[in-house]
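A.B. asks: The structure's right below; bear with me while I get my questions together.
The values are calculated or read from the model by the stated rules, or taken from the named source; none is laboratory data. Everything numeric here is computed off the predicted structure, so don't read it as measured data. Cβ: placed from backbone, ideal geometry, glycine included. Neighbour counts: every protein chain shown.
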Amino acid sequence: MLAVSDLKIHYRTLAGSVKALDGVTFSVADGEIMGLAGESGCGKSTLGKALIRLEERMMYAGGQVTLDGKVLPIADHKAMNPYRFRHVSIVPQYAMSALNPTRRIGRMIDELLDARGLKGSTLRPELERRLAILGLGPDVLGMYPIELSGGMKQRVVMVLSTLLDPSLLIADEVTSALDVASQKKVAGALVEFRDRGYVKSMIVVTHDLAILAQVADSILIMYAGKLAEKAPTRTIVEAPAHPYTRLLLGSLPEVGIRFEEKRLPGIKGRPPSLLSPPVGCRFRDRCPLAFGKCVEEPPFVEIAPGHQVACWKADAHAQG
Ligand SMILES: Nc1ncnc2c1ncn2[C@@H]1O[C@H](COP(=O)(O)OP(=O)(O)OP(=O)(O)O)[C@@H](O)[C@H]1O
């Protein structure tokens with residue numbers, strides 16, 4: 001189980017620190033696939049990446065992450081090494097282009113395993129078995145990346161990322177560059193690997209709510225560096241309690257269209273700057289339900305089992 005408590009991650013910039021994650025608290029249970037969604041710039045990727053590797057400009061500013069009861073030393077690059085790949089793994093955004101074009105897939109995988117002190121030949125049967133589960137024959141190991149389609153590459157990276165049965169897998173926009181048929185295969189692969197127990201839990205970061213409706217057990221909606229709402233997928237889709245979630249879903253167009261490409265109807269303006277975010281609810285300037293109390297920050301509280309919301313009006317909302 002993953003438990004994240006009051007996590008704060010900032011980016012150092014010349015203009016000051018960008019508070020990309022400003023105190024987020026949530027958990028992901030064993031067996032749970034949690035989707036992570038929100039408009040561009042809300043902090044989704046920062047959250048996904050922070051759980052495995054802080055990039056150069058990312059600064060840990062507080063909070064704690066525990067995985068299966070052990071504290072993950074996310075602020076310490078070196079101390080995280082034994083956890084990466086074995087306990088927490090990622091299928092990065094643009095994983096497909098991360099494959100070395102000059103190496104055959106099999107050789108590249110052997111080199112990656114070797115760099116982590118593992119023997120490719122020992123793991124080869126399991127590797128081939130898992131590729132087969134995702135419809136890829138052993139012949140792909142003799143191919144160069146250019147010979148594989150985008151969806152095939154994405155599935156290869158998925159098999160590689162989960163080869164050591166990590167507890168947590170972060171899938172960052174893994175379907176966004178694919179055509180609809182390949183998206184379905186990759187989405188199916190995520191569920192299959194969870195069902196087979198190759199990974200205990202997953203965080204699927206995406207702009208595409210249609211994919212989440214297909215794979216996720218729960219959805220966490222972020223807004224401007226904070227959590228807005230988390231609930232079982234069905235609740236988010238059918239009875240969202242946060243006004244932002246409602247507007248986001250109201251803008252949910254046909255499958256395949258991502259919501260950042262469409263303006264959210266009925267909400268003027270943009271999310272606030274994360275350099276000096278306003279006090280109180282960060283959505284209040286754009287919220288049709290805002291009232292006096294919204295100058296105070298609403299806590300992220302449970303309004304029903306498994307349903308948490310940060311909105312002063314959430315209770316009334318959920319009942320209405
Ligand atoms: N390297 C960086 N330096 C400074 N600020 C950054 C950096 N990377 C991200 N940010 C800022 O941090 C905030 C969160 O960014 P993040 O990429 O996590 O959002 P996101 O929700 O994943 O967006 P997208 O969907 O566009 O990938 C944004 O305000 C962004 O401008």
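A.B. asks: Under 7 Å between Cβ atoms, which residue pairs at least 6 apart in sequence (or on different chains) link something in region 288-315 that is closer than 13 Å to Lys230 by Cβ with a partner that is at pLDDT below 95 and of a type in the set (Ser, Thr, Tyr)?
C.D. replies: Within 7 Å, the pairs are His307/Thr235.
To keep it simple, each residue is scored yes or no on (1) of a type in the set (Gly, Ala, Ser); (2) under 26 Å from Tyr11 (Cβ atoms); (3) surrounded by fewer than 24 Cβ atoms within 10 Å (Cβ to Cβ).
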site: Val156; (1), (2), (3): no, no, no
site: Leu163; (1), (2), (3): no, no, yes
site: Glu192; (1), (2), (3): no, no, yes
site: Asp195; (1), (2), (3): no, no, yes
site: Val215; (1), (2), (3): no, no, yes
site: Ile219; (1), (2), (3): no, yes, no
site: Lys230; (1), (2), (3): no, yes, no
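A.B. asks: Provide a single number: the residues in region 168-189 that are among the small types (Gly, Ala, Ser) and surrounded by fewer than 19 Cβ atoms within 10 Å (Cβ to Cβ). Please lay out each step first, then the result.
C.D. replies: In the first step, residues of region 168-189 are kept if they are among the small types (Gly, Ala, Ser); the result is 171, 176-177, 181-182, 187-189.
Cutting the leftovers down to surrounded by fewer than 19 Cβ atoms within 10 Å (Cβ to Cβ) gives us 176-177, 181-182, 188.
Residues meeting the conditions: 5.
A.B. asks: Okay, moving on. Which of the residues spanning region 168-179 are in contact (Cβ under 8 Å) with a residue 60 or more places away in the chain and under 17 Å from Tyr94 (Cα atoms)? Break it down stepwise before answering.
C.D. replies: First, pick out the residues of region 168-179 that are in contact (Cβ under 8 Å) with a residue 60 or more places away in the chain: 168-174, 176-177.
Those that are in contact (Cβ under 8 Å) with a residue 60 or more places away in the chain and under 17 Å from Tyr94 (Cα atoms): Leu169, Ile170, Ala171, Asp172, Glu173, Val174, Ser176, Ala177.
A.B. asks: Working only within region 1-52, note down all residues that are in contact with an Asp or Glu (Cβ under 6 Å, 6 or more places away or on another chain), more than 10 Å from the ligand (Cβ to nearest atom) and more than 15 Å from Ser276 (Cα to Cα).
C.D. replies: Met1, Thr25, Glu32, Ile33
A.B. asks: Also, I was wondering about something else. From (1) within 16 Å of the ligand (Cβ to nearest atom); (2) closer than 30 Å to Leu141 by Cβ; (3) of a type in the set (Ser, Thr, Tyr), pick out the condition that doesn't hold for Tyr83.
C.D. replies: (1)
A.B. asks: Residues that are within 16 Å of the ligand (Cβ to nearest atom): list the helices (runs of 4 or more DSSP H) wholly contained in region 209-253 that include at least 3 such residues. Let's see the steps before the verdict.
C.D. replies: Details: elements: 209-215, 233-238, 243-250.
Those helices (runs of 4 or more DSSP H) span 209-215, 243-250.
A.B. asks: Further, regarding this structure: Within region 173-205, which residues are within 16 Å of the ligand (Cβ to nearest atom), aliphatic (A, V, I, L, M) and farther than 26 Å from Ala3 by Cβ? Give the steps one after another, and end with the answer.
C.D. replies: Applying the first criterion (within 16 Å of the ligand (Cβ to nearest atom)) to region 173-205 yields 173-177, 203-205.
Right, trim to aliphatic (A, V, I, L, M) and you get 174, 177, 203-205.
Listed by number, the list holds a single entry, Ala177.
A.B. asks: Quick one: Ser176 ticks every box in (1) farther than 22 Å from Gly197 by Cα; (2) in a helix (DSSP H, G or I); (3) out of contact with any helix residue (DSSP H, G or I) (no Cβ under 8 Å at 6 or more places or on another chain) bar one, so which box is it?
C.D. replies: (2)
A.B. asks: Failed condition for Leu123, given (1) farther than 30 Å from Lys185 by Cβ; (2) modelled with pLDDT under 95, with all others met?
C.D. replies: (1)
A.B. asks: Checking Val279 against (1) in a strand (DSSP E or B); (2) among the β-branched types (Val, Ile, Thr); (3) exposed (fewer than 13 other Cβ atoms within 10 Å of the Cβ), which test does it fail?
C.D. replies: (1)
A.B. asks: If you don't mind, there's one more thing I want to ask. As an exercise: evaluate Tyr94 against (1) modelled with pLDDT of 95 or more; (2) within 14 Å of the ligand (Cβ to nearest atom); (3) surrounded by fewer than 19 Cβ atoms within 10 Å (Cβ to Cβ) and give the number of the one condition it does not meet.
C.D. replies: The number of the failed condition is (1).
A.B. asks: For the subset of region 53-66 comprising residues that are more than 16 Å from the chain's Cα centre (by Cα) and of a type in the set (A, V, I, L, M, F, W, C), which member is farthest from the ligand (Cβ to nearest atom)?
C.D. replies: This residue is Ala61.
A.B. asks: Another question, if that's okay. Would you confirm, using the coordinates I've provided, whether Ala171 is of a type outside the set (Val, Ile, Thr), within 15 Å of the chain's Cα centre (by Cα) and either modelled with pLDDT of 90 or more or not in a loop (DSSP other than H, G, I, E, B) (or both)? Don't jump to the end; show me each part of the working.
C.D. replies: Working: of a type outside the set (Val, Ile, Thr): yes; within 15 Å of the chain's Cα centre (by Cα): yes; either modelled with pLDDT of 90 or more or not in a loop (DSSP other than H, G, I, E, B) (or both): yes.
Yes, satisfied.
A.B. asks: Please state which one of Leu127, Leu136 is of a type outside the set (Lys, Arg) and either assigned to a loop (DSSP other than H, G, I, E, B) or under 30 Å from Pro305 (Cβ atoms) (or both). Write out each step before concluding.
C.D. replies: Numbers: Leu127 fails: either assigned to a loop (DSSP other than H, G, I, E, B) or under 30 Å from Pro305 (Cβ atoms) (or both).
Criteria check complete, one pass: Leu136.
A.B. asks: Can you run down the residue pairs with Cβ atoms below 6 Å, 6 or more apart or on separate chains, where the first is in region 199-216 and modelled with pLDDT of 90 or more and the partner is among the polar types (S, T, N, Q) and crowded, with 21+ Cβ neighbours inside 10 Å?
C.D. replies: Between residues of region 199-216 that are modelled with pLDDT of 90 or more and residues that are among the polar types (S, T, N, Q) and crowded, with 21+ Cβ neighbours inside 10 Å, the close pairs are Val199/Thr162.
A.B. asks: Please find, among Arg129, Arg84, the residue that is among the charged types (D, E, K, R) and under 29 Å from His207 (Cβ atoms). Steps first, answer last, please.
C.D. replies: Details: Arg129 fails: under 29 Å from His207 (Cβ atoms).
After ruling out the rest, the residue left standing is Arg84.
A.B. asks: Go through the residues of region 103-121 one by one and say whether even a single one is away from the ligand (no atom under 16 Å from the Cβ), of a type outside the set (D, E, K, R), under 22 Å from Glu192 (Cβ atoms) and assigned to a loop (DSSP other than H, G, I, E, B).
C.D. replies: no
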